[in-house]
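The values are calculated or read from the model by the stated rules, or taken from the named source; none is laboratory data. A quick note: this is a predicted structure, and the numbers were derived from the prediction, not measured. When we count neighbours, we look across all protein chains shown, and the Cβ atoms used for this are built from the backbone with ideal geometry, even at glycine. Heavy atoms of the whole protein, side chains included, go into the accessibility calculation; ligands, DNA and RNA do not. Shrake-Rupley method; radii C 1.70, N 1.55, O 1.52, S 1.80 Å.
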Amino acid sequence: MVVPSDAFLWVKALHIIAVVCWFAALFYLPRLYVYHAMSNDQISHERFQVMERKLYRGIMWPSMIATLITAHFLVDWGDVWFNYHQSAWFYLKVALVGLLVIYHLVCGYYRKKLMENAHYKSHKFWRFFNELPTVILLAVVILVVVKPQF
């Protein structure tokens, strides 16, 4: 199926916007967990619960879904020009995106655990947990831009 290049570029732009929004949320939600774990009063706990819920449901989920849908079209349409399926970097990137989806779901699991007990894990754990999407982002950007041949 040959798609006009304008449509491909529009979907690519939407994909980049969705990825940026998703990563902003992936970076910020665990940072909220750091502050939530450090808080000691009920008002703070309730405030963090609201912020975490709105971020997770209102930004993270829609951004992830938009990222995955636009990625599907980019791969389907772009394969005509770029032949992604013959490149090892592409499969490694897909695997890393799979890890991001798992990380996203784990964030939701932890959000529910924090609602029950704000001190479920220490703020040091959340600081480490917060760095995982950064490592994946670095790897994905390098794979997409450099397209190393394995």
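Would you tally the net charge around Val34, using a Cβ to Cβ cut-off of less than 13 Å, leaving Val34 out, and scoring K and R as +1, D and E as -1?
+2
Going by a ≥ b ≥ c, the root eigenvalues of the Cα gyration tensor, does the chain fall in the rounded group (a/c under 1.5), the prolate group (a/b larger than b/c) or the oblate group?
prolate
Would you rank Trp77, Trp89 by solvent-accessible area, highest first, keeping every protein chain in place and using a 1.4 Å probe?
Trp77, Trp89
Students often get this wrong, so check it: of Lys93/Lys113; Lys93/Lys124; Lys93/Lys121; Lys12/Lys93, which have C-alpha atoms separated by over 21 Å?
Lys93/Lys113; Lys93/Lys124; Lys93/Lys121
Which order do Tyr109, Tyr103 take when ranked by solvent-accessible area (1.4 Å probe, heavy atoms of all protein chains), largest first? Walk me through the intermediate numbers first.
Working: Tyr109 120, Tyr103 15 Å².
From most exposed to least exposed: Tyr109, Tyr103.
Solvent-accessible area of His123, probe 1.4 Å, all protein chains present, reported in Å² to the nearest ten, please.
60 Å²
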